[in-house]
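See structure below.
The values are calculated or read from the model by the stated rules, or taken from the named source; none is laboratory data. Nothing here was measured: the structure is a model prediction, and the numbers come from that model. Positions of Cβ are backbone-derived with ideal geometry, glycine not excepted, and every protein chain shown enters the neighbour counts. SASA here: full protein model, heavy atoms, side chains in, ligands and nucleic acids out. Shrake-Rupley method; radii C 1.70, N 1.55, O 1.52, S 1.80 Å.
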Amino acid sequence: MIKQAIIPLAGLGTRLLPLTSVFAKELLPINGRPGIEYILDECIEAGIKEIIFIISSKKIMIKKYFYSDQLYKKIIKKKNDPRIINEYKKILKYKKKIKFVFQNTPKGTGDAVLKTQKFIKNKYFLMLLPDDLIIKKNCSKAMIKVHQNYNASVMASMKVKKNNVSRWGIYKINKKLNNRNFIIGGVVEKPSERKAPSNNAVIGRYILPRSIFNKIKSLKPKKGKEVHITDAIQLLINDKERFIAHNFEGKYLDCGTMNGYINSSIEIGKL
Ligand code: G1P
């Protein structure tokens, strides 16, 4: 059973400067709600019971967002506004499920994952990257089903433009299972167009085995002094761990870039 999810939130968000100079990108409103709430809703609807946030001291405002009880209690006492009461209830519901761990130097997604090691209880866990919103269909829920059917690790995926492969983790298909699911033969982080094995990209949803922790430990920081989760996944594939790429049904919104961020409010507004 997949009951725990982890969300790396310690990134600096440089692609969204200047907004992120004083603000955590995951709290920026998308159609009136912080982006992170859409990710939390996806997790909870997929049956996740505990969500581990990996934050940094620079992004402590993310924790504060869920721990503003004094403020809510004071205002509710004074105003008794049903809207605020309702919002506070929602925050409390989220807070009950969230645990915080710290990654104070941003050393990549791999390093962020490692910070959660002592909290992960089951053989597999879910990871969601908060820049990637998937709307209209719950991607995590669909991936958990795939995981249960094949007893394998799973990554969300979609085709991207050939001239844009260097923005993504790119994988090679080993075997087609059906129209949406493929066994991965190998994966490489942000390859050049020339070196890319395909134009099939990994999107920010992963069902990972606990054995990934030891693989991350064996890696040295590479490009940009970061430890990439992609490299640890490749090591597991070398060890014959089965990874399935799941071409999700929902609509992908890239909230990590300014254009994508602006567009995400428009798309969610249409729902
Ligand atoms: C990360 C991963 C990359 C993946 C992407 C999906 O990159 O490292 O493999 O394709 O998320 O959004 P980042 O967006 O952190 O640069």
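Label points 7 Å out from Cα along the Cβ direction at Lys3 and Lys137: separation in nm?
Roughly 2.9 nm, to one decimal.
Calculate the spin-label point distance for Asp81 paired with Thr14, positioning each point 7 Å from the Cα along the beta-carbon direction, and give it in nanometres.
3.9
I want the local charge near Ser157. Using Cβ-Cβ distances under 10 Å, sum +1 for each Lys or Arg and -1 for each Asp or Glu among the other residues.
Values: positive: Lys159, Arg180, Arg205; negative: none.
Result for the neighbourhood of Ser157: +3.
Under 1.5 on a/c is rounded, so check that first for region 195-271, then, if it is not, pick prolate when a/b is larger than b/c and oblate when it is not; a ≥ b ≥ c are the square roots of the alpha carbon gyration tensor eigenvalues.
Values: a/c = 2.42, a/b = 1.83, b/c = 1.32.
The shape class here is prolate.
Subtracting the Cα-Cα distance from 0.36 nm times the residue separation, let me have the gained length for Arg210 to Phe100 in nm, one decimal.
Here the answer is 37.7 nm.
Please work out how much length the chain gains when fully extended from Lys89 to Lys270, using 0.36 nm per residue of separation minus the C-alpha to C-alpha distance, in nm with one decimal. Kindly include the intermediate steps, with their values, before the conclusion.
Working: separation 181, 0.36 × 181 = 65.16 nm, distance 2.59 nm.
Residue separation times 0.36 nm, minus the Cα-Cα distance, leaves 62.6 nm.
Can you find, among Ile144, Ser192, Val113, the residue sitting farthest towards the positive end of the charge dipole of region 82-216, where Lys and Arg contribute +1 and Asp and Glu -1 at Cβ?
Towards the positive end, the residue furthest out is Ile144.
Taking the mean number of other Cβ atoms within 10 Å as a proxy for protection, how do you rank 138-147, 154-163 from highest to lowest?
Descending mean neighbour count gives 138-147, 154-163.
Determine the share of region 130-271's accessible area contributed by carbon and sulfur atoms, expressed in whole percent, with a 1.4 angstrom probe.
48
Sequence neighbours fewer than 8 away in the same chain don't count; with that in mind, list the lysines whose C-alpha is under 17 Å from Lys175.
Lys159, Lys240
Computed FRET efficiency, Cβ-Cβ of Lys175 and Leu235, R0 35 Å: what is it to the nearest 0.05?
With R0 = 35 Å, the Cβ-Cβ based efficiency is 0.95.
Restricting to region 149-253, what percent of DSSP beta bridges are antiparallel, rounded to 5? Show your work: numbers first, answer last.
On the way: 19 of 24 bridges.
Looking only at bridges with both residues in region 149-253, the antiparallel portion is about 80 percent.
Put +1 on the Cβ of each Lys and Arg and -1 on the Cβ of each Asp and Glu in the chain; which of Leu40, Asn259, Phe100 then has its Cα farthest toward the positive end of the dipole?
The one lying farthest along the dipole's positive direction is Phe100.
Where only protein heavy atoms count, and the probe is 1.4 Å, what is the accessible area per residue for region 89-159 in Å²?
46
Restricting the count to DSSP beta bridges whose residues both fall in the chain, what percent are antiparallel, rounded to a multiple of 5?
Among the beta bridges of the chain, antiparallel pairing accounts for roughly 65 percent.
For the chain, calculate the relative contact order in percent as a whole number, restricting contacts to Cα pairs under 8 Å that are 6 or more residues apart. Walk me through the intermediate numbers first.
Working: 503 pairs, mean separation 65.6, N = 271.
About 24 percent, as a whole number.
Would you calculate, for the chain, the mean residue ellipticity at 222 nm contributed by helices, counting each DSSP H stretch of 4 or more residues as -39,500 (n - 2.57) and dividing by all residues, to the nearest 500?
-10000 deg cm²/dmol
Ratio of alpha-carbon Rg to the 2.2 N^0.38 Å globular estimate for the chain, to two decimals, please. Provide the component values of the computation, followed by the final result.
Working: Rg = 18.6 Å, N = 271, 2.2 N^0.38 = 18.5 Å.
Computed over Cα atoms of the chain, the ratio equals 1.01.
Running a GNM on the chain with Cα contacts under 10 Å, which residue among Leu133, Leu12, Leu71 ends up with the highest mean-square fluctuation?
Leu71
Explain nothing, just the number: dipole magnitude of the chain about its Cα centre with +1 on each Lys and Arg Cβ and -1 on each Asp and Glu Cβ, in debye rounded to the nearest 20.
480
Over the Cα atoms of region 76-179, how large are the radius of gyration and the largest Cα-Cα distance (Dmax), in Å?
Calculated on Cα positions, Rg and Dmax stand at 19.1, 62 Å.
Suppose R0 equals 25 Å. What FRET efficiency, 1/(1 + (r/R0)^6) with r the Cβ-Cβ distance, do Lys74 and Asn31 give to the nearest 0.05?
So, using R0 = 25 Å, E works out to roughly 0.35.
Under a point-charge model restricted to the Cβ atoms of Lys and Arg (+1) and Asp and Glu (-1), what is the dipole moment magnitude of region 1-148 relative to its Cα centre, in debye to the nearest 20?
With only Lys, Arg, Asp and Glu charged at Cβ, the dipole is about 600 debye.
Once a ≥ b ≥ c are taken as the square roots of the eigenvalues of the Cα gyration tensor of region 1-121, is the result rounded (a/c under 1.5), prolate (a/b larger than b/c) or oblate (a/b not larger than b/c)?
Because a/c hits 1.5 or more and a/b fails to exceed b/c, region 1-121 counts as oblate.
What length, rounded to one decimal in nm, is gained on full extension from Lys159 through to Asn259, with 0.36 nm per residue of separation minus their alpha-carbon distance?
Gain on extension, Lys159 to Asn259, equals 34.1 nm.
At a threshold of 8 angstrom on Cα-Cα distance, excluding pairs fewer than six apart, so keeping six or more, what relative contact order does region 165-271 reach in percent?
Details: 136 pairs, mean separation 27.7, N = 107.
Once normalised by length, the contact order is 26 percent.
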